[in-house]
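Taking it in order: structure first as structure tokens, then the write-up.
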Amino acid sequence: MGRVQRLLEGFGLSAYAAAFESEGYDDLSFLLGMSGDERIGVAWAVGMSEEHAQVFVREMGSLSEHE
């Protein structure tokens, strides 16, 4: 299991793990380096609902602040 998949599970978004991998968003360092707007783009690319996209962007932003 990859780091991105574990992270998504922690966010309650594990249903999107396969989509992240198939779209090439399986590098945690890359995701952490993105801006909030870029993460919204990722969320839409993997088919997240608006609510799930908000969770993803918020939680990733929190992680980035602690890096």
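Brief remarks follow.
- Criterion applied to Glu59, Glu67 was being in a loop (DSSP other than H, G, I, E, B) and either modelled with pLDDT under 95 or under 9 Å from the mean Cα position of the chain (by Cα) (or both), and the one residue passing it is Glu67.
- Out of Asp27, Asp37, sole residue that is touching a residue at least 12 places away in the same chain (Cβ under 8 Å) and either exposed (fewer than 15 other Cβ atoms within 10 Å of the Cβ) or aromatic (Phe, Trp, Tyr) (or both): Asp27
- Scanning segment 40-56 for residues being in a helix (DSSP H, G or I) and in contact (Cβ under 8 Å) with a residue 12 or more places away in the chain gives a total of 8.
- Selection count, segment 14-24, where residues are within 16 Å of Val55 (Cβ to Cβ), open to solvent by less than 70 Å² (accessible area, probe 1.4 Å) and not polar (S, T, N, Q): 4
The values are calculated or read from the model by the stated rules, or taken from the named source; none is laboratory data. All values reported here derive from a predicted model rather than from experimental measurement. Virtual Cβ from ideal backbone geometry, glycine too; neighbours counted across all protein chains shown. With ligands, DNA and RNA removed, areas are computed over all heavy atoms of the protein, side chains included. Shrake-Rupley method; radii C 1.70, N 1.55, O 1.52, S 1.80 Å.
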